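Data block below; observations after.
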Number of protein chains: 2
Amino acid sequence: MTTGTHRSDALEAQWSRALHSLGRRVTRQRLAVLAAVEHSPHSTADDAAAAVRAELPHITVQSVYVVLADLTDAGLLRRIETPHSPARYETRVGDNHHHAVCTGCGRIEDVDCAVGHAPCLTPSWAPGSGRMTIQIAEVMYQGLCDDCRDIPAQSTDHSTDSPQKEHHER
Amino acid sequence: MTTGTHRSDALEAQWSRALHSLGRRVTRQRLAVLAAVEHSPHSTADDAAAAVRAELPHITVQSVYVVLADLTDAGLLRRIETPHSPARYETRVGDNHHHAVCTGCGRIEDVDCAVGHAPCLTPSWAPGSGRMTIQIAEVMYQGLCDDCRDIPAQSTDHSTDSPQKEHHER
DNA sequence: AGCCTTATTATGATTTATTCAAAATAAGTG
DNA sequence: CACTTATTTTGAATAAATCATAATAAGGCT
């Protein structure tokens, strides 16, 4: 085990090169965090920390926060803010894709840009609004996934509640 | 001052009716919160609490949280989650409009739906994703407003920082 | 008008998500 | 191998939001 290579070695090399060319140091924790997020996209900081601990048992959530923020800043990760949930991260950067979250179970799916590519960067402004130079457009779809539609009301207890109210998960 | 009416009385009556028909009680704090959010849209819970205190000096943020959550649940308010900022609320519900936030100053503008109306509810799915029944599509644009483009770097202090990094406001 | 039921609000504490400052560590350079 | 400095660790602090319980008041009823 001198070389200590498991996991996708190709990706690791790729990330190392990327970090290097960005003038950033290549560290175990950065590679581990990248691998964790690559392996399970849309991870929260906690998720990532748990995954990383398999390799670096002593890492703390705070360190993971620092690494995540830095990698996001460097452009190697993308941060997603889903409603009623901590921030999530993914390695798929650069392409203009969006997300759909199921209001039933909270699962998140990737969605290709609805309009094509650039068009969603040219919004039609509401009357009276000042114009902006749009740089990114994040679309967040919300709905019910097929699985959750099969189980109409597996809820715990709402007596007179209408079936289609708020769902919090997690 | 027996009638105690100031502020937009018409709106207040409208909200009262809405609450009533939803089987919910009409309370001072609900009306005050609605008025506060109506007056300055995209308010945070803190903003709303501050505004409401002009009328109900003893109200606490926690109560405002409860009221906001309940009104959102009732469909009288809409909750917006902007990146790097607490949740915000607005009274404009029902229409399918989106938001643009300036990465410079954090100001938020309303944006009419880019695609028209319904189309943004029919996303093109990424390969391998399970389908979902989309209910709402929130689009979050990010960019620089004209004001912030005029002042390229009025920042406090970033020495070697590139001008286009993270901005936190509030 | 006044009482009563129950939704709503207040209170105080608690949890969760995230950030910060300072000390310890380790990448990469010469 | 030594040295500089980015990065990580550590421990504490803050911000945002939620929860359980007690107090209050809305609106139906008589």
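Just for helices (runs of 4 or more DSSP H) wholly inside the stretch B:13-86: which have at least 1 residues that are surrounded by 16 or more Cβ atoms within 10 Å (Cβ to Cβ), more than 13 Å from DNA strand C (Cβ to nearest atom) and under 20 Å from the mean Cα position of the chain (by Cα)?
Result: B:28-39, B:45-53.
Out of everything in the stretch B:93-105 that is under 13 Å from the mean Cα position of the chain (by Cα) and in a loop (DSSP other than H, G, I, E, B), what residue ends up being nearest to residue B:18 (Cα to Cα)?
B:93
So if I check each of A:143, A:104, which one is more than 9 Å from every other protein chain (Cβ to nearest Cβ) and at pLDDT 80 or above?
A:104
The values are calculated or read from the model by the stated rules, or taken from the named source; none is laboratory data. None of these values were measured; they are calculated from a predicted model. Quick reminder, even Gly has a Cβ in these numbers, built from the backbone with ideal geometry, and neighbours come from all protein chains shown.
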